[in-house]
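Below you'll find the structure, written out as structure tokens, and then a few comments.
Just so it is clear, none of the values below were taken in a lab; they were calculated from the coordinates. Just so we're clear, the structure is a prediction, and the values are computed from it rather than from any experiment. FYI the Cβ positions are ideal-geometry reconstructions off the backbone, even for glycines, and counts take in every protein chain you see.
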Amino acid sequence: MDTFVSQTRKRYIDGTTDEQREPVWKKFKEEECNQGIVKEDVKEDAYLTEFSQPWQKIEAEGLDCDYALLFPKEEADCLYTQLEEEVVYLTDKTKIQVFGKVYNVPRKQATCGDAGLTYNYSGVSLQASPWTPTLEYIRDAVTKATGQTFNFVLINRYKDGHDHMGEHRDDERELDPLCPIASVSLGAVRDFVFRHRESRGKQCRRQINPVKLELAHGSLLLMNSPTNTHWYHSLPARKRVLTPRINLTFRRILQDGKK
DNA sequence: CATCTGGCACGGAC
DNA sequence: TGTCCGTGCCAGAT
């Protein structure tokens, strides 16, 4: 089922392309967040035709993302099930050090990628396992949809709404800063929050509203340059979420850490 | 890329 | 309709 066309120019829900369009915004909470939010009630099948991609642009000062439903529900269900069988997560010895204390990460992690790649963050060094068939399939679907290639994927599994990830930037040295990061979501819908680096803290320099999204089952969020240099992102805990979410972030890693 | 805590907002019970 | 109270969310400290 070759639903996705090799087409590097993205087409949006309203049929326009990058050159033509104005950003389309939807408010998340009217009072708090007048930046963009992807919360359209999309009838996915209506947009996932053979010839168009239903991209939505998410923009703010220094933030540039594209969001689309990459997989229809049935296919996303299937991919989720296959990943649950295929992916071998690191044992719960995945530790992280913050403010001098060592913690287990509040989620499960795995890494796959081309042979020999390692990924370092917050003092942890993760060696890439070989690609699995399902991960290769998803990677190739992302490449067809975006025109971008990737040599590595970080897999995070959040077993329920208690699992989460704190605010951070993906600013590792070995990441190609100009290559977008492609985030594929499968399973439970979770909130996702961007916060501008200069609008954090009690006496922050500037008042810039956060950008809040819901990441749907089967969705793809492309984080384009320079988003990661200006904005932190997080996956906050959501107590009412009772089912798992698997997140795949496809990246391009530079072999010898040059920048 | 962590947890902990206090303040606050929201919503259900009555 | 008003108040009380439990829950969850967020921001700040560490």
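Note the full-extension length gain between residue A:99 and residue A:171 as 0.36 nm times their separation in residues minus their Cα-Cα distance, in nm to one decimal. Please list the in-between numbers first.
On the way: separation 72, 0.36 × 72 = 25.92 nm, distance 1.85 nm.
Value of the extension gain: 24.1 nm.
Take peptides A:141-149, A:101-109 and line them up by average Cβ neighbours within 10 Å, highest first, as a rough protection proxy. Can you show the working numbers first?
Details: A:141-149: 18.1, A:101-109: 14.1.
Going from most to least packed, we get A:141-149, A:101-109.
What percent do you get for the relative contact order of the stretch A:61-170 when only Cα pairs under 8 Å and 6+ apart count?
25 percent
With only Lys, Arg, Asp and Glu charged, each at its Cβ (+1 for the first two, -1 for the last two), find how big the charge dipole of the stretch A:179-246 is about the Cα centre; round to the nearest 20 debye.
With only Lys, Arg, Asp and Glu charged at Cβ, the dipole is about 380 debye.
Given the peptides A:222-233, A:162-173, arrange them by the average over their residues of other C-beta atoms within 10 Å, most packed first.
Per-residue mean Cβ counts within 10 Å order the peptides as A:222-233, A:162-173.
Sticking with the crude label model, points 7 Å out along Cα→Cβ, report the distance from residue A:209 to residue A:121 in nm, one decimal please.
It is 2.8 nm.
At what distance in angstrom do the alpha carbon centres of the stretch A:195-247 and the stretch A:52-93 lie from each other?
About 15 Å separates the Cα centre of the stretch A:195-247 from the one of the stretch A:52-93.
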